[in-house]
């Protein structure tokens, strides 16, 4: 019996398979290596560098880690503070170097602020206009970045 014939025969005979195994599995926990893929880090850098307040290059690794902890459920409540991960910081530098080489971001030589170029903003705009999982996650990352910025401003402001 061929593969296609097998499924045709099952449909014709009205065979149904019931699964009684329905107890829930625990939510998956992500380890540090799960999110350290350069494309995700690169598009995250693009997303947060397109706004009005530009991130500083020396704190981008910390910001990416903090944004991921706040955005992705697998990192919430983690015993590890992702923003301090050396692996994430190394990969963030690699992603930033790629973005600079591809001329998607610029790092100001005096202020060391990262800003998305017109080409970089175009990439982000296309990703968001696709309105899928990537778009919703990027919007969540951007919201996390704004919240982190606001919290820092509140801590720095005099009482």
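Can you tell me how the stretch 28-156 classifies by the Cα gyration tensor, rounded, prolate or oblate, using a/c under 1.5 as the rounded cut?
rounded
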If we sort 149-156, 39-46 on the protection proxy, mean other Cβ atoms within 10 Å, highest first, what's the order? 39-46, 149-156
Please label the shape of the stretch 67-139 as rounded, prolate or oblate, based on the square roots a ≥ b ≥ c of the eigenvalues of the alpha-carbon gyration tensor (a/c under 1.5 means rounded; beyond that, a/b larger than b/c means prolate, else oblate). oblate
Relative contact order of the stretch 28-156, defined on C-alpha pairs under 8 angstrom at six or more residues apart (%): 31
Ranked from highest to lowest mean number of other Cβ atoms within 10 Å per residue, what is the order of the peptides 91-99, 9-17, 106-114, 125-133? 91-99, 106-114, 125-133, 9-17
Would you mind pulling out the separation of the Cα centroids of the stretch 119-153 and the stretch 37-73, in Å? 9
Evaluate the distance, in nm, between pseudo-label points positioned 7 Å from the Cα of residue 37 and of residue 126 along their respective Cα→Cβ axes. 1.8
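Coordinate-derived values only; no laboratory data. Given the structure is predicted, the values throughout are model-derived calculations rather than measurements. As a convention, Cβ positions derive from the backbone with ideal geometry for all residues, glycine included, and neighbour counts pool all protein chains shown.
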